[in-house]
Structure formats: C-alpha cells, structure tokens
1. Which residue, of Gly51, Gly75, Gly122, is closer than 15 Å to Asn8 by Cα and either in contact with a strand residue (DSSP E or B) (Cβ under 8 Å, 6 or more places away or on another chain) or modelled with pLDDT under 95 (or both)?
2. How many residues does region 86-106 contain that are of a type in the set (A, V, I, L, M), over 17 Å from the mean Cα position of the chain (by Cα) and closer than 17 Å to Ser40 by Cα?
3. Report, by residue number, each residue of region 1-59 that is among the small types (Gly, Ala, Ser), in contact with a Lys or Arg (Cβ under 8 Å, 6 or more places away or on another chain) and part of a helix (DSSP H, G or I).
4. So if I check each of Asp83, Asp120, which one is surrounded by 13 or more Cβ atoms within 10 Å (Cβ to Cβ), part of a loop (DSSP other than H, G, I, E, B), of a type in the set (Asp, Glu) and within 12 Å of the chain's Cα centre (by Cα)?
5. Would you mention how many residues in region 86-110 are part of a loop (DSSP other than H, G, I, E, B) and either touching a Gly at 6+ places or on another chain (Cβ under 7 Å) or of a type in the set (A, V, I, L, M, F, W, C) (or both)?
6. Here's a check for you: in region 92-112, which residue that is surrounded by fewer than 16 Cβ atoms within 10 Å (Cβ to Cβ) and farther than 14 Å from Cys39 by Cβ is modelled with the lowest pLDDT?
7. Out of curiosity, is Leu76 of a type in the set (A, V, I, L, M, F, W, C) and assigned to a loop (DSSP other than H, G, I, E, B)?
8. Would you be able to tell me the number of residues in region 34-48 that are free of Cβ contacts under 8 Å to residues at least 24 places away in the same chain and closer than 12 Å to Phe15 by Cα?
Amino acid sequence: MKYLLDVNVLIAYGFRRHGFHDRVGAWIRSRKGDRFLTCSITELGFVRVLGNVRTYGMDVAHAKSLLQELKAWKGLPLEFINDGNDISALPKWAKSPKQTTDGHLVQLAVANAAVLVTLDEGIPGTFLIP
C-alpha cells in the first residue's frame, strides 16, 4: 500500500517532541512493506510549521535540514511525488477554504494510487491513524 503523508503526520513523525510522535511512529512501524510519500505541499507545510521559532524553537533553515535528514533516513524511505493536479481535480466536497488543501491532497494521493494518511478527522477518502 502507498500512503501520502499529510502535513500533520509528517510533522508528528519528524518532530520527536510532538504530542502524536509515538502514535504516528507506532503506526508507521506496523506498516512493513508499505510505501510513504511526500509532495511539495506536505514538505512546505512541514517547514512552514516547524520553522516557527516561537513555537518549535527552530527557524526555516533548521526545519528544512530536519526534513532532509528524515528523507535520507533509511528506516523510513520517503518518496517524493510530483504534483500534476490542477484546480479541476479538486473534489466536489471541498467547499470551504479550509477544505481546499485537504481535497487537493486526497486527489493527489488517488492520482498516485495511494491514500492520504492523516490525523485530522472528517476528511473524505483518507485513512485516519488510530
């Protein structure tokens, strides 16, 4: 199975002090043989959120370096997928501004024979990490 990691999953896994780090790590370790994907949106979201010095104690350069280390780690090979979807691929259920990125990521996962895995409840077509 292939999983596109939502921004929140990528952050929780990559930032050891995150409240859901253990939950995400346990789920990923249970998925032996599965493939894990990132894309421009999820990688930029990782750097945008963790690059907030006041909240996470690191700047953009440090967050970028952390993501590069995570991507290079052999214990969880992350595959980068290109994003060829334009706005016409946005699902009909994405009606509010808050839903647009989620809808886009769901469709990007589908276009790559994957499932968007998330910690957010209520996103149609995703897998919620238990």
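The values are calculated or read from the model by the stated rules, or taken from the named source; none is laboratory data. These numbers were taken from a predicted model, which means no experiment stands behind them. Glycine gets a Cβ as well: all are built from the backbone with ideal geometry, and neighbour counts include every protein chain shown.
1. None of the other options fit; the residue is Gly122.
2. Counting residues in region 86-106 that are of a type in the set (A, V, I, L, M), over 17 Å from the mean Cα position of the chain (by Cα) and closer than 17 Å to Ser40 by Cα gives 3.
3. Listed by number, the list holds a single entry, Ala12.
4. Result: Asp120 is the single residue among Asp83, Asp120 that is surrounded by 13 or more Cβ atoms within 10 Å (Cβ to Cβ), part of a loop (DSSP other than H, G, I, E, B), of a type in the set (Asp, Glu) and within 12 Å of the chain's Cα centre (by Cα).
5. We begin by selecting, within region 86-110, every residue part of a loop (DSSP other than H, G, I, E, B); these are 86, 90-96.
Still in the running and either touching a Gly at 6+ places or on another chain (Cβ under 7 Å) or of a type in the set (A, V, I, L, M, F, W, C) (or both): 90-91, 93-94.
Count: 4.
6. Going through the qualifying residues, I end up with Pro97.
7. yes
8. Residues meeting the conditions: 1.
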